[in-house]
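The values are calculated or read from the model by the stated rules, or taken from the named source; none is laboratory data. In this text the structure is predicted, and so the values were computed from the model without any measurement. Note that each Cβ is placed from the backbone with ideal geometry, even for glycine, and that neighbours are counted across all protein chains shown. Accessible surface areas use protein heavy atoms only, side chains included; no ligands, DNA or RNA. Shrake-Rupley method; radii C 1.70, N 1.55, O 1.52, S 1.80 Å.
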Amino acid sequence: MGVSGCGKSTVGSRLAELLGVAFLEGDDFHPESNKEKMSSGHSLNDLDRQPWLEKLNFELRNRPSCVLSCSALKESYRNLLTADLDSYCFLHLEGEFDLIHERMKSRSSHFMPASLLKSQFDALERPSQAYHIDISQSIDDIVKIATAQITMNKSKIGLLGLGVMGKSLARNIADKGNKTSVYNLPFPGEEEVVKDFVEKFEDLSFYGATDLGDFVNSLSKPRMIILMIKAGEAVDEMIGKLKPLLCENDMIVDAGNSFYKDTQRREAEMKAEGFHFVGMGVSGGEEGALNGPSIMPAGTAYAQKYLLPVLRDIAAKAKGEPCVQWVGPDGAGHFVKMIHNGIEYADMQLISELYEVCRKVFGLSNAEIADFFESFDSIHKGYLLEISIDILRKKEGNSYVLDTILDVAGHKGTGMWTSREALEMGIAVPTITAAMNQRIISSYKELRKTLGSSPKNNIDFTTDWQRSLENGFLMARMQAHIEGFHLIQAASDKNGWNVNMASVSSLWRGGCIIRSAMLPVFMSSFTEDTKLEHLYLSKTIMSILQNSIKHAVAVNSLAQENSVSTPCFSAAIQYFLSVTTSELPINMIQAQRDYFGAHTYRTNEDPGTPRHTIWN
Ligand code: 6PG
């Protein structure tokens, strides 16, 4: 395509010959009336062109493959031309007005006079979905570029954002035999990122795109574009840039830690325009992204059909099963990832609390704590405990690295969202929230330094205490997971996601940060009773909690007696005690509310009828 005189007939016929397909000269299909109108120096309007474009579309639809030379100046013309075509590709020959004008003047025997060139330029809507070729080059070079573009082996999938995680995930995808296009916005200092990456991993099948249009154009349809960029506004901006380049049914996959309500909004907006949007939780850090993450995608069944096979290849495996499940529609995947992170915060905080009790109450050294953690029962075996053991043992010179680290933790939002959403949904997640609060309290460093001492004791580290620490840890960890699963169930019910809880437990068994031998226990409970409303109703889970609660209480009391804070242990215990109590003192709260605000209360005998008492 291109304005009259751009050389499209010459290039098109050479191209068709090289590719061994038919060549269609668009001008040949103009009705006589159009030719006469142009010959007399009048430009065609939309109505004149419509039957011509429809005729061309008919010709295209009835050929297995061909090259067509046609001006196709407007987007609406290109839509008419390509209606109902399975696949097509636009090559846009473009050049300066003066150059084309000169060429047109020297051309004889064409019904289009050079005087009409301006109207062609005026009508031209530069296509966003085309490969643009500069016509100031020789015809040979143009044909060479055009051939390369058409025969280019399109990539199966595209990955945008070559940060640490993006690079690892791209390598993982390409390593499974998928040709992968990669692109990174050329921020200052990052102009060479794509080139360097593709060169470094030349043994893998990568296509390094030069710009966004080239990136999109290099993908086979329906296009699958994975965004590995910072959550937040950057995602909306990138969607805005990509959308004009996409075709119907193309999909954008957001693999960042996006807030699930943003994902719901983006999914609806994309759907309204005929695209697919997949919110995909990915866990496992850099190493997981490269060697097998745990993946939580959600979106339409159409997107699932194309994307899931690739994801199954790249995901971590647990007992041979890929750690990926299509979690549900719209925001379900990012919601599940958010809960994963909430549990992650609690798991990390609980390990820190154990470490704190071991060093401050029992006076153990880092190496002794590492040995103790290593002796834990198999149910605790998992990623976070393993890395904590490594951390406890890591020395630089004569000092432990851990001892040099400032005790202030930041966060990127997912743990906070978990607590906030839980409150909004009316679901209690106190153990997870305690972990979040402790990160906040950690930031009061100056206040803590002003007020605090760091008491240390040397209580005998008996085998009884060791058993209590381990079993108390079991109780509290299990509690954090139970809260997380409860919240997923509530969100699934509220949003009609139909999340399969056994599947979620299954996909967390490998690859992710919270992977541990505890996950299969939840998986069995959800598999045994698919309608399980709360994990406390599982006999197996309740019996573990009942056997371990006394240990959690013992550890918690000991910690507090020794002025050591263990907020997650406390929260877990309080939840258990509250939920396993048929009568809470909330009758007093109801009475108080009624006393000062006439809020009314209900009675045990007749809960259907609100009552009010004149209290004073
Ligand atoms: C993962 C991690 C990862 C990241 C979290 C936590 O599953 O791979 O959860 O996504 O570490 O965002 O980060 P913050 O602790 O900084 O909130």
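Odds and ends about this structure:
- Bridging of LYS118 to lysines at a Cα separation below 17 Å is possible for LYS37, LYS74, LYS105, once same-chain residues fewer than 8 apart are set aside.
- Region 74-105 and region 49-72 have Cα centres lying 12 Å from one another.
- With helices as the sole contributors, the chain gives -16500 deg cm²/dmol at 222 nm; each DSSP H run of n ≥ 4 counts as -39500 (n - 2.57), and the sum is divided by every residue.
- Angle of helix 8-19 to the longest C-alpha principal axis of the chain, folded into 0 to 90 degrees and rounded to 10: 70°.
- Average accessible surface area per residue within region 420-499, 1.4 Å rolling probe, Å²: 50 Å²
- Scattering from region 342-579 was approximated by placing one identical point on each alpha carbon and applying the Debye formula without solvent; log10 I(q)/I(0) at 0.17 1/Å stands at -1.36.
- Global dimensions of region 213-313 from alpha-carbon coordinates: Rg and Dmax equal 12.9, 37 Å.
- Note on ASP98: accessible area approximately 110 square angstrom, rounded to 10, probe 1.4 Å, nucleic acids and ligands left out.
- Relative contact order computed over the chain (Cα-Cα under 8 Å; 6+ residues apart), in percent: 10 percent
- Rounded to 10°, Cα long-axis angle of helix 332-360 versus longest principal axis of the chain: 40 degrees
- Sum of side-chain charges, PHE362 neighbourhood, beta-carbon under 9 Å (Lys, Arg +1; Asp, Glu -1): 0
- Volume of the convex hull of region 493-603 (Cα atoms only), normalised per residue: 199 Å³.
- Taking only protein heavy atoms and a 1.4 Å probe, the accessible area of the chain is 51% carbon and sulfur.
- Estimated vicinal HN-Hα couplings, Hz - region 383-388 in sequence order (Karplus 6.51, -1.76, 1.60; Gly, Pro = x): 4, 5, 5, 4, 5, 5
- Under 16 Å from the SER443 label point (7 Å along Cα→beta-carbon), backbone N, region 375-414: 407-414
- Solvent exposure, largest accessible area first (probe 1.4 Å, DNA, RNA and ligands not counted), of ASP211, ASP250, ASP330: ASP211, ASP330, ASP250
- Over the C-alpha trace of region 298-431, radius of gyration and Dmax come out as 19.1, 58 angstrom.
- FRET efficiency, GLU533 to GLU125 (Cβ-Cβ, R0 41 Å, nearest 0.05): 0.10
- What the Cα atoms of region 157-330 give is an Rg and a Dmax of 14.8, 45 Å.
- Spacing of the two label points (7 Å from each Cα toward its C-beta) at GLU36 and THR404, in nm: 9.0 nm
- Inter-site label distance for TYR595 and ILE150 at 7 Å from Cα along Cβ, in nm: 8.7 nm
- Per residue accessible area of region 8-151, 1.4 Å probe, in Å²: 54 Å²
- Two-decimal log10 I(q)/I(0) for region 353-425, as the Debye equation yields it once each C-alpha is a single scatterer, q = 0.11, 0.17, 0.25, 0.27 Å⁻¹: -0.40, -0.80, -1.14, -1.22
- Kirkwood hydrodynamic radius over Cα pairs of region 8-151, then Stokes diffusion coefficient at 20 °C and 1.002 mPa s, in µm²/s: 135 µm²/s
- Enclosed volume per residue, in Å³, of the convex hull spanned by Cα atoms of region 7-84: 93 Å³
- In Å², nearest 10: area of HIS612 left accessible to a 1.4 Å probe: 100 Å²
- Residues GLU286 and LYS176, FRET efficiency given R0 of 25 Å [Cβ-Cβ distance, rounded to 0.05]: 0.90
- ASP371 versus THR540: modelled label distance in nm, points set 7 Å from Cα along the beta carbon direction: 3.4 nm
- Region 558-616: radius of gyration over Cα atoms, expressed as a fraction of 2.2 N^0.38 Å: 1.66
- Taking every DSSP beta bridge that has both ends in the chain, the antiparallel portion is near 25%.
- Normalising by residue count, the chain has a Cα convex hull of 238 Å³ per residue.
- Cβ-derived FRET efficiency at R0 56 Å, ILE387 paired with GLU17, nearest 0.05: 0.35
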